[in-house]
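I have placed the structure first, in the form of structure tokens, so that the comments after it can refer back to it.
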Amino acid sequence: MPTKRSSDTKESPVVLPPALNTMSKLRDAARDCTACDLYKTATQTVFGDGPANSQIMFVGEQPGDQEDRAGHPFVGPAGKLLDEALEKVGIQHSKVYVTNVVKHFKWVAAARGKKRIHKKPCYSEIHACRQWLDAELRVVKPQILVCLGSTAAQSLLGRTFSVTRQRGQLIDSPLAPYVIATVHPSSILRAPDSNARQLQMQAFINDLKVVSRLARKTEAA
């Protein structure tokens, strides 16, 4: 489905038709998105997954190689690590909505072999895809919004936001009653050794404990 810009200026937001007001309609429309060039090399659009009335919404950077092939977010190694951490803090993956700032996999070919190497999306690609993330937020209306990694956090909370300094803290934002940022689970997978990986995983779990407490507080309200 073609999209349109509200004006010819580079920074102007992309406008989605008002009729796209349910998750199924949004997912169907996003399959044909050509707002940036990433669709040319990606296998498919990887839209968000989870109940449309989820209390908690997780937002990452972009789909990886396995997500690109499967068509679902957080099904690769980072997704498995996220599931492990969620289980540790008592949050069921089936009850949360998971998505990414960018819906197509950006990659470069490895120097040897057929492996596709993740490449960080640029600002114009993030901006072009923001229409879909904003629409997901409008439909889900999460009570708790969790930004995973700097790309998601800076896209939603401003380019000066620092995950390193502000992780695990509640952030005042109109996007949801409770907003928090933490690292992307893929960063834990890149830890230099098992000891560092264990420490980073525990810090990630500690951040998600804040999310779990907020979820229980919201349910009790």
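The values are calculated or read from the model by the stated rules, or taken from the named source; none is laboratory data. All values reported here derive from a predicted model rather than from experimental measurement. Neighbour counts are summed over all protein chains in view; Cβ atoms, including those assigned to glycine, are modelled from backbone coordinates with ideal geometry. What goes into the accessible areas is simple: the full protein's heavy atoms, side chains included, and nothing from ligands, DNA or RNA. Shrake-Rupley method; radii C 1.70, N 1.55, O 1.52, S 1.80 Å.
Miscellaneous remarks
- Less than 5 angstrom separates the built amide H of TRP107 from those of LYS119, all sequence-distant by 5 or more or on a different chain.
- Nitroxide proxy distance, nm - points 7 Å out along Cα→Cβ at ARG69 and VAL108: 2.2 nm
- Exposure rank, largest accessible area first [LYS120, LYS103; 1.4 Å]: LYS120, LYS103
- Relative contact order [Cα under 8 Å, 6+ residues apart], region 64-221, whole percent: 22 percent
- Cut-off under 5 Å, modelled amide H: who pairs with HIS184 long-range: GLY149, SER150
- DSSP bridge analysis restricted to region 98-187 gives an antiparallel fraction near 45%, rounded to the nearest 5.
- Rounded percent of accessible protein surface that carbon and sulfur make up, the chain, 1.4 Å probe: 52 percent
- Length-normalised contact order of region 26-138 in % [C-alpha pairs under 8 Å, at least 6 apart]: 32 percent
- 1.4 Å probe accessible area per residue over region 156-221, in Å²: 59 Å²
- Beta bridge orientation in the chain: antiparallel %, DSSP, nearest 5: 35 percent
- The share of alpha-carbon pairs in the chain lying farther apart than 23 Å comes to 46%.
- Phi angles of region 165-170 translate, via the Karplus equation with coefficients 6.51, -1.76, 1.60 and θ = phi - 60°, into HN-Hα couplings of 7, 10, 4, x, 9, 6 Hz per residue; Gly and Pro are given as x.
- Hz values of 3J(HN,Hα) by residue in region 99-104 - Karplus curve (6.51, -1.76, 1.60), Gly and Pro given as x: 7, 9, 4, 10, 9, 10
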